[in-house]
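Here the structure comes first, spelled out in structure tokens, and everything after it is commentary.
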There are 2 protein chains.
Amino acid sequence: MTTTIGFIGLGVMGGPMAANLVRAGFDVVGYNRSPAKVEPLVDAGGRRAGSAVEAAAGADVVITMLPDSPDVEAVLLGQASGEDARGDDAAGGGDDGDSAGVLAHLSPGATVIDMSTIRPDVARRLAEAGAQRGNRVLDAPVSGGERGAIDGVLSIMVGGDEHAFTSVKPILHAMGTTVVHVGPAGSGQTVKAANQLMVAGILEVVSEALVFLDAHGVDRERAVEVLSGGLAGNAILERKGAAMLEGNFAPGFRVDLHHKDLGIVTAAARETGVAIPVGALAATLVASLRAQGHGDLDHSALLLQVEQLSGRRANDV
Amino acid sequence: MTTTIGFIGLGVMGGPMAANLVRAGFDVVGYNRSPAKVEPLVDAGGRRAGSAVEAAAGADVVITMLPDSPDVEAVLLGQASGEDARGDDAAGGGDDGDSAGVLAHLSPGATVIDMSTIRPDVARRLAEAGAQRGNRVLDAPVSGGERGAIDGVLSIMVGGDEHAFTSVKPILHAMGTTVVHVGPAGSGQTVKAANQLMVAGILEVVSEALVFLDAHGVDRERAVEVLSGGLAGNAILERKGAAMLEGNFAPGFRVDLHHKDLGIVTAAARETGVAIPVGALAATLVASLRAQGHGDLDHSALLLQVEQLSGRRANDV
């Protein structure tokens with residue numbers, strides 16, 4: 001029997017991920033707040049739902065791919081829990097009809113996979129809320145960007161019940177090549193936080209190195225070629241280097257979202273007393289880029305800021 | 001006719017690089033200040049020279065692989081130039097016998113390849129000094145570490161005369177897989193400086209991420225596996241991650257040497273007004289690690305410092 005997947009959130013990442021599920025032979029029912037973004041899924045052979053609850057009802061597996069913690073809480077627990085009861089134990093609420101959210105309308109035994117990047121403590125709370133109803137909720141954030149989503153080669157870091165992980169593994173492998181269970185509920189989000197910390201730091205040093213090379217008149221295309229082969233080699237240089245050298249900062253992954261993620265990272269580091277000197281500086285630089293009005297650019301626009309700080313670009317660009 | 005290569009400096013990097021040249025069929029005459037380090041080359045089929053000048057005399061190509069700018073100046077230009085005339089135009093000196101250094105004893109048409117990591121301005125000065133005698137001097141620093149040197153898979157970034165580069169390319173390919181001419185004299189060193197900037201920043205964020213994951217109780221081996229597949233993926237995590245998790249900080253590439261290289265990076269950035277906020281912070285953290293007596297450890301020992309700053313390791317370790 002074909003597995004039915006409710007997919008909620010069909011943006012830059014969710015759209016191509018859902019399309020890859022259709023291509024892998026799953027029955028995918030998609031929902032997105034702005035309905036136009038459901039069209040590509042329908043064109044690919046998926047079905048349209050009129051609400052998140054409708055996408056979830058009758059599904060064997062429900063996937064959420066949403067911008068931030070409150071969005072996921074609102075969809076899974078219901079509006080009140082997401083918007084008014086943040087930080088409280090919201091798991092008890094949400095039994096009063098459609099406003100209760102997706103968890104209250106799941107089929108028995110259905111599994112939720114939240115692939116958004118959210119706070120690890122919220123992921124743990126959602127897993128508990130699911131468990132109270134007999135449903136498993138996995139946190140399974142991804143890395144690899146829009147390109148990785150389109151090509152189905154994402155890295156997927158999964159926290160939560162290991163049996164649930166094993167049962168949904170074929171679904172995850174339709175979207176990613178590296179699919180790893182990293183620990184109990186919330187662990188996926190913790191690893192994703194570490195990922196975003198590293199990505200911010202690497203993006204910034206790559207930007208600094210590219211401006212350094214330019215200032216010294218070196219052929220940067222050739223430099224990138226040789227730098228990629230050595231100990232400085234990294235996925236950002238490989239996947240984003242060419243676009244950065246062309247000055248193409250179309251997202252990709254928006255500065256706004258990376259800023260949000262770095263809020264999760266710095267809070268989680270603070271809670272555990274972990275010193276992240278370079279991570280914290282990179283978070284400041286991303287926040288500054290956003291404050292200057294560049295929140296909608298790809299996060300590789302950190303390069304613009306290094307150029308500006310080095311007097312190699314006007315302040316208003 | 002077999003090409004004869006004089007190889008000066010047979011340390012952690014130079015030793016295996018010279019051995020790879022022997023394996024590729026070249027006639028290699030090696031010299032090292034501490035003579036014990038010549039033994040492995042002789043065992044591999046190379047020959048021993050009693051001095052740098054002896055290694056260079058009669059060679060078609062002379063390779064230097066030395067710790068720092070003054071060492072290379074002393075060997076190529078002679079002792080006085082290297083130690084007393086630093087920063088001056090030392091190219092005029094060095095015609096007074098054996099103390100004059102290697103450049104004064106080169107065969108006509110012989111090419112020098114300096115593979116050390118030194119200051120770009122010194123590299124340019126050495127190229128000029130060579131040109132005055134009709135010899136080409138290329139700057140060809142490497143990345144890839146001891147492992148890359150042993151396996152012959154280094155990245156080699158070459159600055160200087162393009163015809164000379166073409167003629168020595170087969171020699172460079174016996175030591176590295178990525179061999180790229182990046183521009184005129186000094187360009188190789190500029191690209192290497194950018195490499196060291198990136199390596200320091202990436203090592204530090206990798207260290208911060210590993211401590212972050214540990215503090216949150218995540219299975220770090222699995223986390224490294226999934227992080228390697230995403231946008232945070234990098235050569236340091238891949239090549240040094242396992243040793244770092246084991247707490248194995250045997251060099252490899254010593255903190256002392258990376259500290260020296262970051263002096264080159266920060267000076268070159270300052271000269272051109274390039275802002276390197278994360279690079280400068282990473283340089284400070286490497287300097288601090290060294291000041292605490294860890295200069296002889298592998299540079300991945302930045303992890304120890306993050307653990308210490310996070311209260312997860314005693315100060316005296």
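The values are calculated or read from the model by the stated rules, or taken from the named source; none is laboratory data. Since we're looking at a predicted model, the values are computed, not measured. Using ideal geometry, Cβ is built from the backbone for each residue, glycine included, and neighbour counts are taken over all protein chains shown. Please note that ligands, DNA and RNA were not included when accessible areas were found on the heavy atoms of the full protein model with its side chains. Shrake-Rupley method; radii C 1.70, N 1.55, O 1.52, S 1.80 Å.
Do you know which residues across segment B:237-246 are closer than 13 Å to B:Ala301 by Cβ and either within 13 Å of chain A (Cβ to nearest Cβ) or touching an Asp or Glu at 6+ places or on another chain (Cβ under 7 Å) (or both)?
Selection gives B:Lys240 alone.
Could you list, in sequence order, the residues of segment B:280-298 that are open to solvent by less than 10 Å² (accessible area, probe 1.4 Å) and assigned to a helix (DSSP H, G or I)?
B:Ala282, B:Val286, B:Leu289 - these are the residues of segment B:280-298 that are open to solvent by less than 10 Å² (accessible area, probe 1.4 Å) and assigned to a helix (DSSP H, G or I).
Where the second residue is polar (S, T, N, Q) and the first is more than 7 Å from chain B (Cβ to nearest Cβ) and lies in segment A:270-298, which pairs have Cβ atoms under 7 Å and are six or more apart or on separate chains?
Going by the 7 Å Cβ cut-off, the qualifying pairs are A:Ala280/A:Thr266; A:Ala283/A:Thr266; A:Ser288/A:Gln305; A:Leu289/A:Gln305.
What pairs can you find where one residue is in segment A:247-259 and part of a loop (DSSP other than H, G, I, E, B), the other is modelled with pLDDT under 95 and surrounded by fewer than 19 Cβ atoms within 10 Å (Cβ to Cβ), and their Cβ atoms are less than 6 Å apart, with a gap of 6+ or different chains?
From segment A:247-259, the pairs are A:Gly252/A:Glu146.
Would you mind telling me which numbered condition in (1) within 12 Å of another protein chain (Cβ to nearest Cβ); (2) open to solvent by less than 40 Å² (accessible area, probe 1.4 Å) A:Phe249 fails?
Tallying (1) within 12 Å of another protein chain (Cβ to nearest Cβ); (2) open to solvent by less than 40 Å² (accessible area, probe 1.4 Å), A:Phe249 fails exactly one: (1).
Residue by residue, here is whether (1) modelled with pLDDT under 95; (2) more than 23 Å from A:Ala287 (Cα to Cα); (3) touching a helix residue (DSSP H, G or I) at 6+ places or on another chain (Cβ under 9 Å) holds:
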| residue | (1), (2), (3) |
| --- | --- |
| A:Gly233 | no, yes, yes |
| A:Gly241 | no, no, yes |
| A:Met244 | no, no, yes |
| A:Asn248 | no, no, yes |
| A:Phe253 | yes, no, yes |
| A:His258 | no, no, yes |
| A:Asp261 | no, no, yes |
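Of the conditions (1) within 12 Å of another protein chain (Cβ to nearest Cβ); (2) touching a Gly at 6+ places or on another chain (Cβ under 6 Å), B:Val255 clears all except one; give me its number.
So B:Val255 meets the others, but not (1).
Taking the condition among the hydrophobic types (A, V, I, L, M, F, W, C), within 11 Å of chain B (Cβ to nearest Cβ), open to solvent by less than 30 Å² (accessible area, probe 1.4 Å) and more than 16 Å from A:Glu204 (Cβ to Cβ), does A:Ala232 pass?
No; evaluated as a whole, the condition is false for this residue.
Identify the residue in segment A:220-229 that is surrounded by fewer than 24 Cβ atoms within 10 Å (Cβ to Cβ) and at the interface with chain B (Cβ under 7 Å from one of its Cβ atoms) and, among all such residues, is modelled with the lowest pLDDT.
The extreme case among them is A:Gly229.
Just one of B:Gly241, B:Gly217, B:Gly311, B:Gly263 is of a type in the set (Gly, Ala, Ser), out of contact with any Cys (no Cβ under 7 Å at 6 or more places or on another chain), open to solvent by less than 10 Å² (accessible area, probe 1.4 Å) and more than 13 Å from A:Pro277 (Cα to Cα); which is it?
B:Gly241
Assuming A:Gly188 fulfils every condition listed in (1) facing chain B (nearest Cβ under 8 Å); (2) under 30 Å from A:Arg125 (Cβ atoms) apart from one, which condition is it?
For A:Gly188, the failing item is (1).
Hey, among A:Ile150, A:Ile156, A:Ile202, which residue is away from every other protein chain (no Cβ under 11 Å) and at pLDDT 95 or above?
Among A:Ile150, A:Ile156, A:Ile202, only A:Ile150 is away from every other protein chain (no Cβ under 11 Å) and at pLDDT 95 or above.
Limited to segment B:1-23, what total is found for residues that are part of a loop (DSSP other than H, G, I, E, B) and open to solvent by less than 20 Å² (accessible area, probe 1.4 Å)?
So the answer is 2.
Looking at B:Ala19, B:Ala90 in this structure, which one is at pLDDT 95 or above, closer than 30 Å to B:Leu262 by Cβ and not charged (D, E, K, R)?
B:Ala19
Can you name the number of the only condition in (1) outside any loop (DSSP other than H, G, I, E, B); (2) open to solvent by 40 Å² or more (accessible area, probe 1.4 Å); (3) within 22 Å of A:Lys192 (Cβ to Cβ) that A:Val205 fails?
Only one criterion in (1) outside any loop (DSSP other than H, G, I, E, B); (2) open to solvent by 40 Å² or more (accessible area, probe 1.4 Å); (3) within 22 Å of A:Lys192 (Cβ to Cβ) is unmet by A:Val205, namely (2).
Among the residues of segment A:29-51, which ones are closer than 23 Å to A:His173 by Cβ, under 20 Å from the mean Cα position of the chain (by Cα) and among the hydrophobic types (A, V, I, L, M, F, W, C)?
Passing the criteria: only A:Leu41.
Could you tell me whether A:Gly263 is in a helix (DSSP H, G or I), in the same structural domain as A:Leu203 (by TED's automatic domain parsing) and either free of Cβ contacts under 8 Å to residues at least 24 places away in the same chain or of a type in the set (D, E, K, R) (or both)?
yes
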